[in-house]
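Chemist: Sharing a structure, written as structure tokens. Questions coming.
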């Protein structure tokens, strides 16, 4: 896409779109003690192919801005969740399994999970959507901005909260297939740079996010069961 824009600008100097590159906190990867909350200047030690691919996008965006003046803004959103979040992600996987247990679809009453000790900085996806709009309209090309809540939650605490919202009898059980070969223990970010630039603040409490997520999956499971 960056190259397509560059070529178009060769033909039409007035063609000057803004490109928002949605990076990820996975670019930071292994965070050492004393490095949290993570700033945009923190060393990048990706632990997954996904994180490496996002770093490549970040560098490409910066290169096209410096070399050709293509207005690319990079954000690094930390974990986000909420209604409509895909079931391949932990929070949705938990919520869907709870909804299926409540409807009698999962008759064993077991929620399967991976690593519950990891700590993640969660933001409601609706707050993230607003942040992306602000990034595109108020932030500077060539810069990188963290988007996050500034609060870390263990995956265990997320699962425990969701389970408490259900009247069903639920058992939790680790499943080897859900464990990552190389997991990141802590991702806790600082959005100070982005907040100073845009005035953005995460507005939706995390507990509301999780309740809304569970409500979404209850309705979806009910509709298709």
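Rule-based calculations on the coordinates, nothing more; no lab input. Quantities reported herein were computed from a predicted structural model and do not represent experimental measurements. No Cβ is skipped: glycine too gets one built from the backbone with ideal geometry, and neighbour counts run over all protein chains shown.
Chemist: Can you pull the Kirkwood radius for the chain, inverse mean 1/r over Cα pairs, to one decimal in Å?
Modeler: Kirkwood hydrodynamic radius for the chain: 19.0 Å.
Chemist: Further, regarding this structure: Select from 153, 80, 59 the residue whose mean-square fluctuation is largest in a Gaussian network model of the chain (Cα-Cα springs shorter than 10 Å).
Modeler: 59
Chemist: Calculate the FRET efficiency for residue 161 and residue 63 from the Cβ-Cβ distance with a Förster distance of 45 Å, rounded to the nearest 0.05.
Modeler: With a Förster radius of 45 Å, E is 0.60.
Chemist: Compute the acute angle (0 to 90°) between the alpha-carbon long axis of helix 49-68 and the principal axis of greatest extent of the alpha-carbon atoms of the chain; round to the nearest 10°.
Modeler: For helix 49-68, the angle is close to 20 degrees.
Chemist: Just order 164-171, 23-30 by mean Cβ neighbour count inside 10 Å, highest at the front, would you?
Modeler: Put in order of decreasing packing, that is 23-30, 164-171.
Chemist: Can you give me the Cα centroid spacing of segment 104-136 and segment 74-96 in angstrom?
Modeler: First find each Cα centre; the distance between them is then 3 Å.
Chemist: If you don't mind, another one. Residue 9 to residue 171: extension gain in nm, 0.36 nm per residue of separation minus the Cα-Cα distance?
Modeler: Going from the current span to full extension adds 52.5 nm.
Chemist: Continuing with the same structure: Once you have the Cα-Cα distance between residue 182 and residue 1, take 0.36 nm times their residue separation minus that, and quote the gain in nm to one decimal.
Modeler: My answer for the length gained is 62.1 nm.
Chemist: How do 19, 155 line up, fewest other C-beta atoms within 10 Å first?
Modeler: Least to most surrounded, the residues fall as 19, 155.
Chemist: Sort 177-187, 117-127, 131-141 for me by packing, meaning the mean count of neighbouring Cβ atoms within 10 Å per residue, highest on top.
Modeler: Descending packing order for the listed peptides: 117-127, 131-141, 177-187.
Chemist: Taking 0.36 nm per intervening residue step and subtracting the Cα-Cα distance, what contour gain separates residue 197 from residue 154 on full extension?
Modeler: Gain in length upon complete extension: 12.5 nm.
Chemist: Need the C-alpha centroid separation for segment 172-202 versus segment 1-54, integer Å.
Modeler: 16
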